[in-house]
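Data block below; observations after.
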Amino acid sequence: MTGTTAPRGARKGGRWIERWEPEDETFWKESGERIARRNLLYSVLSEHIGFSIWTLWSVMVLFMGPAYGIDPAGKFFLIGTATFVGALVRVPYTFAVARFGGRNWTVVSALLLLAPTAAALVVMEPGTSYGTFLAVAALTGVGGGNFASSMTNINAFFPLRKKGWALGLNAGGGNIGVPVVQLVALLVIAVAGAGHPRLLLAVYLPLIVAAAALALLRMDNLAPVRNDTGAVREAVRDAHTWIMAFLYIGTFGSFIGYSFAFGLVLQTQFGRTPLQAASLTFVGPLLGSLIRPVGGALADRFGGARITLATFVAMAAATGVVVYASGEESLPVFLVGFVALFVLSGLGNGSTYKMIPGIFQAKALARGMGGEAAAAYGRRLSGAAMGLIGAVGALGGLGINLAFREAFSTSGSGTAAFVTFLGFYAVCCAVTWAVYLRRPAPAVLPAAGAEAKPQLTSV
């Protein structure tokens, strides 16, 4: 049994694989794994650049000195706007994969990144109105959508036993786009000074074109992945979709929110110069991105819920360190605690995304489905749910930046915001344990059905 590509002209719009059965080990060994890994590689590249553009304003604000006339609260609102739009577009981006094909949409979504990059290139100078900056920051949100479409696409390529690793690698490679754009900004500031933000933007224009071209030439569309409004409706009604979205606020929401805010917090609370802030900003996102596949792999081995709970416990502890350091104005201790939050959020990102397909497949098995039928149900529902979960989770980044904006506006310090985050992680710990780990399984999930609860504890 092998995967086949449709003859030229059989489908409009590019290369289509008509049959895809990754749970079949013979198919997987003969052709499936090779094809899946190739698509994963170019998906990572496009998503990586998408993350760089989405988080562009986390470094643009470092270039915006007094001549721009924008205070810290205004800068937090700029990056919060980019976060918000990026969260919203994740929902349509998720369903675009089924509508247009994973390869086709990767090409389109990569080319869309040219718009915010070129717009920023035009407006990035003193004297530009705040409203214009706000509109261009909102435009960068299209980069946030790339994650949702990429994860939905790669989720369909891999068997359940490989999803933790594959989704972790896909997301981790994409997340690295955050520290990479920050490193490029550091290089520009160190070499040319903070007055030359256009050099950073000029670097990304050809990279965007290259990513789109490689996706066009090397990726595939999966014909079995089609628009399924029934799956969307079922995912919306399922309690697990919204529980996992809440947990994803704590993991990915933390990662992206802190990534946007880190440099500005260093400048505002600790008085760092643009160069000093840029020299530190990239460390946390880099480590958090690199460790995300480890979170997925650990979840494959020990269970996603166990790794997720351990992650939230550790994040609460690290936040306690940050609260102490913020109150004492100790930059070294603050950096230790804040970087730990990045690392732990990266681990949690990997483990939570492993949980999603496992939850829906466990439900299918509990309802009497077997083998490929249960796996197909898991792929169908998790693909629909991922866009919703990713969108809600990304809104956590908006919440973090709004919390910082409020804290700095009222007290000149981020301490109050960190206390709020500490309380939120405590709630995440309680939810993870109560829903997915407590034995006997609690009767709080009517959508799961009583017979599904024992299996859910192993996701």
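The values are calculated or read from the model by the stated rules, or taken from the named source; none is laboratory data. Everything quoted here is computed from the prediction, not taken from an experiment. Methodologically, a virtual Cβ is constructed for each residue, glycine included, from the backbone with ideal geometry; neighbour enumeration extends over all protein chains shown. The accessibility values were calculated without ligands, DNA or RNA, using every heavy atom of the protein model including side chains. Shrake-Rupley method; radii C 1.70, N 1.55, O 1.52, S 1.80 Å.
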Check your understanding: Does Ser279 qualify as being open to solvent by 30 Å² or more (accessible area, probe 1.4 Å) and of a type in the set (Gly, Ala, Ser)?
Key -> yes
Check your understanding: For segment 196-310, which fully contained helices (runs of 4 or more DSSP H) count at least 1 residues that are closer than 21 Å to Ser149 by Cα?
Key -> 197-218, 229-237, 239-248, 254-270, 283-302
**Study point:** Matching residues in segment 261-277 - criterion: being within 22 Å of the chain's Cα centre (by Cα) and among the aliphatic types (A, V, I, L, M)
**Key:** Ala261, Leu264, Val265
Review point. Checking Val427 against (1) closer than 17 Å to Trp242 by Cβ; (2) surrounded by fewer than 24 Cβ atoms within 10 Å (Cβ to Cβ); (3) at pLDDT below 90; (4) of a type in the set (Val, Ile, Thr), which single condition isn't satisfied?
Key: (3)
Study note, to complete from the structure: Note on segment 167-206: residues under 14 Å from the mean Cα position of the chain (by Cα), at pLDDT below 90 and aliphatic (A, V, I, L, M) are Leu167, Leu169, Ala171
**Study point:** The one condition in (1) open to solvent by less than 30 Å² (accessible area, probe 1.4 Å); (2) at pLDDT below 95 that Ala212 fails to fulfil
**Key:** (2)
Exercise for review: Identify the residue in segment 160-190 that is open to solvent by 10 Å² or more (accessible area, probe 1.4 Å) and charged (D, E, K, R) and, among all such residues, is nearest to Leu113 (Cα to Cα).
Suggested key: Lys162
Revision key, fill the gap. Of the residues in segment 316-338, those that are open to solvent by 30 Å² or more (accessible area, probe 1.4 Å) and closer than 23 Å to Gly296 by Cβ come to Ala317
**Study point:** Any chance Gly368 is surrounded by fewer than 23 Cβ atoms within 10 Å (Cβ to Cβ) and assigned to a loop (DSSP other than H, G, I, E, B)
**Key:** yes
Review point. So, in segment 436-459, of the ones that are part of a helix (DSSP H, G or I) and open to solvent by less than 20 Å² (accessible area, probe 1.4 Å), which residue ends up modelled with the lowest pLDDT?
Key: Ala452
Review point. What number of residues in segment 41-54 are surrounded by fewer than 24 Cβ atoms within 10 Å (Cβ to Cβ) and within 18 Å of Ala135 (Cα to Cα)?
Key: 0
